[in-house]
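The structure under discussion appears below in the form of structure tokens.
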Amino acid sequence: MKLDFVKYQGAGNDFVIIDNRTNVFPKDDYDLIRGYCDRKFGIGADGLMLIEKATDADFNMVYYNADGRPGSMCGNGGRCIVAYAKTLGLFDTSTSFNALGEKYEASINEEQVSLNMLAVEHIEIYPGHVFLDTGSPHHVTFTENLPTFDVVGQGRKIRYGAPYFETGTNVNFVEKVNENTFNVRTYERGVEDETLSCGTGVTAVALASFHLNKTSEKEVNIETQGGKLKIEFEKENNTYKNIILTGPATFVFKGTIELSI
């Protein structure tokens with residue numbers, strides 16, 4: 001059986017996306033998925049996503065990390081799958097979709113996709129870092145000389161270290177540029193490497209920066225190695241809400257894969 005796929009990238013975070021509304025893709029074949037994401041022997045991507053039918057939204061999003069295993073929420077992936085869903089005629093300019101038991105809303109303006117993220121109630125402050133969950137767990141630490149920082153080496157230590165261990169966390173290293181702009185580099189679990197950007201990661205950085213009084217702005221610009229992203233939010237009591245992640249979601253190429261099922 002032949003199955004079409006597309007590849008999209010959001011600020012350098014790239015994904016294989018498959019329209020699985022006919023439910024033919026072998027979702028439990030993690031080796032197959034890992035092979036498609038492999039940059040030497042496969043298509044090459046930070047993750048793979050499936051679009052599936054939904055009864056209470058425009059579609060369901062199913063996400064896998066590059067290691068082939070089901071992953072937690074992916075912000076840039078969510079924006080990319082929205083861009084592809086629009087080309088399938090699933091919506092016009094705004095949409096809602098399900099992912100991991102949660103409903104997300106998004107809108108699209110040309111290549112700019114804005115994704116409403118889940119509210120965040122808890123931010124844990126520790127000496128030297130902050131921890132919070134923006135749909136995926138994120139360790140945030142501020143540093144200097146970010147362009148030459150050993151993101152992979154230090155990120156891997158933190159990702160597998162206490163208190164995260166096997167479950168792990170994503171790790172973000174941040175350097176302030178000005179009052180509302182921060183440079184970010186991220187080590188992603190599931191990819192087990194640095195990615196050019198991470199949507200839930202930059203969201204975590206924006207909220208952490210505000211929480212630590214490193215900015216007083218509720219519209220934060222993030223510069224990653226793959227491009228620029230913007231995060232807007234409101235704060236009510238101890239809850240961050242109406243969090244919107246905005247950035248590019250760009251078509252790269254399309255192709256056909258063979259399924260032996």
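Derivation of every value follows stated rules applied to the coordinates shown; laboratory data play no part. If you're wondering where the values come from, they're calculated on a predicted model, not measured in any experiment. Every residue, glycine as well, gets a Cβ built from its backbone with ideal geometry; the counts of neighbours run over all protein chains shown.
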Of K228, K40, K27, the one that fluctuates the most in a GNM where the chain has Cα springs shorter than 10 Å: K40
Simple spin-label estimate for Y126 and E234 in nanometres, 7 Å along Cα-Cβ: 3.3 nm
Alpha-carbon Debye profile of region 94-173, log10 I(q)/I(0) at 0.10, 0.13 Å⁻¹: -0.36, -0.58
Rg in Å to one decimal, and Dmax rounded to a whole Å, for the chain via C-alpha atoms: 17.6, 55
Pairs from K53/K254; K7/K241; K176/K230; K27/K254 whose Cα-Cα separation, in the structure shown, is over 25 Å: K7/K241
Within a Gaussian network of the chain (alpha carbon springs, distance under 10 Å), most fluctuating of V82, V205, V177: V177
Computed over region 1-129, Cα set: Rg, Dmax in Å: 15.2, 54
Gaussian network model of the chain, springs between alpha carbon atoms under 10 Å - residue of G135, G101, G168 with greatest fluctuation: G101
Gap separating the Cα centres of region 51-117 and region 23-38, nearest whole Å: 19 Å
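Cut-off is 10 Å between beta-carbons; in what order do Y187, Y104 appear when sorted fewest neighbours first? Present the calculation step by step, with values, prior to reporting the outcome.
Details: Y187 26, Y104 21.
The order, fewest Cβ neighbours first, is Y104, Y187.
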Sequence-separation-based contact order of region 123-248, relative, with Cα cut under 8 Å and 6+ spacing, percent: 19 percent
The chain: relative contact order in percent, alpha carbon pairs under 8 Å with at least 6 residues between: 22 percent
Per residue convex hull volume, Cα atoms of region 59-98, in Å³: 72 Å³
Local net charge near A99, Cβ-Cβ under 15 Å (Lys/Arg +1, Asp/Glu -1): -2
Column: log10 I(q)/I(0), Debye, Cα scatterers of region 115-261, q = 0.09, 0.13 Å⁻¹: -0.28, -0.56
